Amino acid sequence: MKYKGKISPPKVTPLPKSPTGIRGLDEITGGGLPRGRPTLVCGGAGCGKTLLAAEFLVRGATLFDEPGVLMAFEETEAELEANVASLGFDLTGLVRRKKIVVDYVHIEPGEFQESGDYDLEGLFVRLNYAIDSIKAKRVVLDTLEALFAGLRNEAVVRAELRRLFRWLKDKGVTAVITAERGREQLTRHGLEEYVSDCVILLDHRVNDQIATRHLRVVKYRGALHGTNEFPFLIGDDGLSVLPITSLALNHKVSTNRIATGIARLDAMLGGRGFFRGSSILLTGTSGTGKTIIASNFAQAAAKRGERVLFFSFEESPNQIIRNMHSIGLRLEPLVKRDLLRFHATRPSLYGLEMHLATMFKEIANFQPHVVIIDPVTSLMDAGTESECRGMITRLIDYLKAAEVTTLFTSLTQGGHALAQSESSMSSLMDAWILLQDFEGNGERNRVLYVLKARGMAHSNQIREFLISDRGVDVVDAYIGPSGVLTGSARAAQSSLEKAALLASQQEAAQLKREVERKRKALDRQIGDLRSDYEGEALELRRIAEQVGTRTFVLGTERAASGLLRQADTKVVAQTRVRARHGNNGNGTP
Amino acid sequence: MKNAPVKRKTLASRARIPKLWQLRLYVMDSTPNSVLAFSNLKSVCETHLKGSYRITVVDLLKHPKLAKGDQILATPTVVRRLPNPVRTIIGNLSNIEHVLVGLDLRASS
């Protein structure tokens with residue numbers, strides 16, 4: 001109803017509708033089947049007509065408080081009850097509580113002897129009685145065409161059918177009439193000409209050995225409806241139609257981040273890991289460690305106390321647990337605490353839609369925070385590419401609406417790996433991590449890139465991804481003039497670098513010692529020179545003293561000899577005095 | 001064809017084991033067809049089962065609940081409840097030949 005209200009202009013009163021309660025069908029039809037009018041459901045054998053009709057009644061009785069009458073022409077009450085019990089419907093209980101009346105109309109071809117004119121008033125009486133007895137709002141006639149087989153007078157049958165549909169409308173009940181699909185027309189006996197309000201076509205097709213049921217609303221008078229063919233499936237809790245288009249892109253988003261369990265990978269993702277509720281694609285060729293990263297992620301989440309649902313399409317849970325144990329990941333305690341739950345199926349077990357429905361149901365039951373699908377590519381084998389794309393879109397939408405973080409691993413074949421992933425899935429994903437093998441030096445080494453991570457500043461670097469018995473580690477790959485080096489080449493390169501460093505350190509130490517030695521030599525030389533100098537200076541002083549002594553001695557000796565000679569020492573002395581006063585005498589004579 | 005009457009005879013004799021035939025005529029109100037069916041049935045019984053039959057007329061308008069028990073679909077309908085097996089004829093019984101076949105009374109004609 002609300003769907004319809006959005007589309008139609010507000011002044012137009014929308015056609016009243018009866019919700020079917022069948023998942024997806026109400027979305028396609030914009031609220032359900034036309035209320036108070038008959039709807040024709042046609043399809044081949046085994047495509048689920050009776051179950052759709054039965055679910056319409058059961059849901060009406062249980063969810064919408066609209067009691068219903070099921071008039072069955074092919075199956076007895078007991079058979080019907082047993083059949084719908086397989087969908088989890090308690091028809092017996094509903095009959096006992098007077099919510100549903102089942103009336104089995106027995107028609108065996110040729111059983112009646114016909115003689116003269118008749119009408120089908122008996123049928124009307126029974127139907128009327130059944131409707132009135134529980135004040136039914138819904139009626140199912142399954143399969144009315146049995147009348148054509150049971151009664152020979154087709155003209156009477158046709159006339160009575162026309163009257164019946166008119167009568168149903170007048171009665172104001174919402175009716176579902178099932179019919180076999182005909183070769184050239186919708187139904188074998190042309191019932192569509194009586195039912196003009198709503199016609200739903202069911203179909204069961206086998207594609208590549210995998211059968212898928214489809215539903216299409218052929219006609220819905222007076223209402224907008226999805227005209228596409230929608231896959232639907234019959235699970236053990238009823239039908240679900242899987243419309244892609246009904247899900248709008250308006251889920252709320254979280255800004256919370258969750259760690260990947262590998263610290264270095266978190267660092268590459270802007271330091272804090274993935275956004276909660278985002279969808280993450282992990283692609284790589286076989287043996288690149290997809291499951292390991294996925295398991296790490298699972299373990300990290302479960303250790304935080306979040307529930308993790310691990311869909312495995314290749315390995316059994318025990319095998320995953322054993323293998324992860326070998327790299328130091330202990331998943332078993334988490335499984336025991338029911339924080340981690342595995343769900344392993346073979347992809348070829350059933351069709352894509354069934355897988356999807358099973359997954360939906362598991363998710364609804366477990367309410368996980370994190371879902372891991374390993375690998376999503378296995379599912380791709382179960383359907384055509386467009387189907388897979390549609391399915392993954394629906395799955396992502398469903399999970400995003402529930403704010404579940406999902407990690408898809410994707411196995412790629414060598415070579416066209418990227419292109420393949422790209423075309424089918426990557427545009428739907430929020431983050432994409434690529435794992436790759438690097439071959440060289442007679443070994444294979446794993447590297448990892450973050451190709452895309454919406455909404456975060458992520459690393460553009462290539463990293464080497466190491467798996468050891470202590471877990472996984474992400475290390476820098478060596479990038480040098482010869483390209484990216486990984487594994488032993490990286491180790492060799494780093495030891496080369498170490499050796500070079502050591503050599504230069506040694507060289508520096510050597511040089512330092514040399515300089516030291518030179519400085520010491522210099523000091524020594526300086527000391528020598530100084531002591532030389534000091535020696536010479538001492539000598540010089542000694543000599544000078546010697547010279548002074550000698551002069552004095554000499555003078556003394558001369559005076560002594562002059563005394564001895566008594567000659568003109570006075571003269572000499574007087575002359576000296578005169579000469580000294582001479583300058584003054586010149587001024588004062 | 002020579003054996004045919006013999007066969008019919010045995011069938012008829014077997015069918016005649018119970019003394020009383022119980023017939024039920026289901027009608028919807030007193031429509032022309034209902035009235036016609038009753039008179040046709042009555043005349044057949046008078047001809048072939050004089051004194052050993054009982055016709056119960058059920059008006060479904062008054063007793064709609066009874067329609068389910070005998071699996072009534074069309075009206076008028078005659079149900080032969082006894083002798084066994086149960087046999088059903090629908091229509092206003094205007095084709096006497098069909099009525100006789102339906103009631104398994106051909107041998108006595």
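The values are calculated or read from the model by the stated rules, or taken from the named source; none is laboratory data. Everything quoted here is computed from the prediction, not taken from an experiment. Using ideal geometry, Cβ is built from the backbone for each residue, glycine included, and neighbour counts are taken over all protein chains shown.
A few notes on this one:
- Count - residues of the stretch A:301-328 that are more than 15 Å from the chain's Cα centre (by Cα), buried (at least 19 other Cβ atoms within 10 Å of the Cβ) and among the aliphatic types (A, V, I, L, M): 4
- The listed residues are A:D469, A:D437, and the only one of them that is surrounded by fewer than 12 Cβ atoms within 10 Å (Cβ to Cβ), touching a Gly at 6+ places or on another chain (Cβ under 8 Å) and at pLDDT below 85 turns out to be A:D469.
- Pairs where the first residue, in the stretch A:89-118, is more than 11 Å from chain B (Cβ to nearest Cβ) and more than 30 Å from B:N33 (Cβ to Cβ) and the second is surrounded by fewer than 17 Cβ atoms within 10 Å (Cβ to Cβ) and of a type in the set (G, A, S), C-beta under 8 Å, 6+ apart: A:L91/A:A85; A:T92/A:A85; A:K98/A:S133
- Boolean, A:N445 is farther than 30 Å from A:S278 by Cα, surrounded by 12 or more Cβ atoms within 10 Å (Cβ to Cβ) and either at pLDDT 85 or above or assigned by TED's automatic domain parsing to the domain that holds A:H325 (or both): no
- Qualifying residues in the stretch A:268-300 (those that are assigned to a helix (DSSP H, G or I) and among the aliphatic types (A, V, I, L, M)) - the one surrounded by the fewest Cβ atoms within 10 Å (Cβ to Cβ): A:A300
- Annotation: A:T13 fulfils all but one of (1) assigned to a loop (DSSP other than H, G, I, E, B); (2) at pLDDT 85 or above; (3) over 26 Å from A:I134 (Cα atoms); the unmet one is (2).
- Scanning the stretch A:395-426 for residues that are within 12 Å of the chain's Cα centre (by Cα) and either at pLDDT below 80 or assigned to a helix (DSSP H, G or I) (or both) turns up A:L395, A:I396, A:D397, A:L399, A:K400, A:M425, A:S426.
- For A:L201, the requirement of being out of contact with any Lys or Arg (no Cβ under 9 Å at 6 or more places or on another chain) and under 12 Å from A:G43 (Cβ atoms) is not met.
- Within the stretch A:284-302, the residues that satisfy the criterion of being touching a helix residue (DSSP H, G or I) at 6+ places or on another chain (Cβ under 6 Å) and not hydroxyl-bearing (S, T, Y) are A:G284, A:A302.
- Taking the criterion of being more than 10 Å from chain A (Cβ to nearest Cβ) and of a type outside the set (A, V, I, L, M), the residues of the stretch B:100-109 that qualify are B:R106, B:S108, B:S109.
- The residue that is modelled with the lowest pLDDT, among those in the stretch B:100-109 that are in a loop (DSSP other than H, G, I, E, B) and surrounded by fewer than 20 Cβ atoms within 10 Å (Cβ to Cβ), is B:S109.
- Scope the stretch A:63-92; condition under 20 Å from A:V241 (Cα atoms) and crowded, with 17+ Cβ neighbours inside 10 Å; matching residues: A:V84, A:L87, A:F89
- Identity of the residue in the stretch B:54-99, outside any loop (DSSP other than H, G, I, E, B), at pLDDT below 85 and more than 9 Å from chain A (Cβ to nearest Cβ), that ends up surrounded by the most Cβ atoms within 10 Å (Cβ to Cβ): B:L82
- Within the stretch A:119-136, restricting attention to residues that are of a type in the set (A, V, I, L, M, F, W, C) and more than 7 Å from every other protein chain (Cβ to nearest Cβ), the residue that is surrounded by the most Cβ atoms within 10 Å (Cβ to Cβ) is A:L127.
- Unique residue being over 60 Å from the mean Cα position of the chain (by Cα) and modelled with pLDDT under 80 when the list is A:A567, A:A491, A:A559: A:A567
- Qualifying residue in the stretch A:97-108 (condition: crowded, with 19+ Cβ neighbours inside 10 Å, among the aromatic types (F, W, Y), in the same structural domain as A:S18 (by TED's automatic domain parsing) and more than 22 Å from A:C198 (Cβ to Cβ)): no
- The residue that is surrounded by the fewest Cβ atoms within 10 Å (Cβ to Cβ), among those in the stretch A:145-160 that are more than 9 Å from every other protein chain (Cβ to nearest Cβ) and assigned to a helix (DSSP H, G or I), is A:A155.
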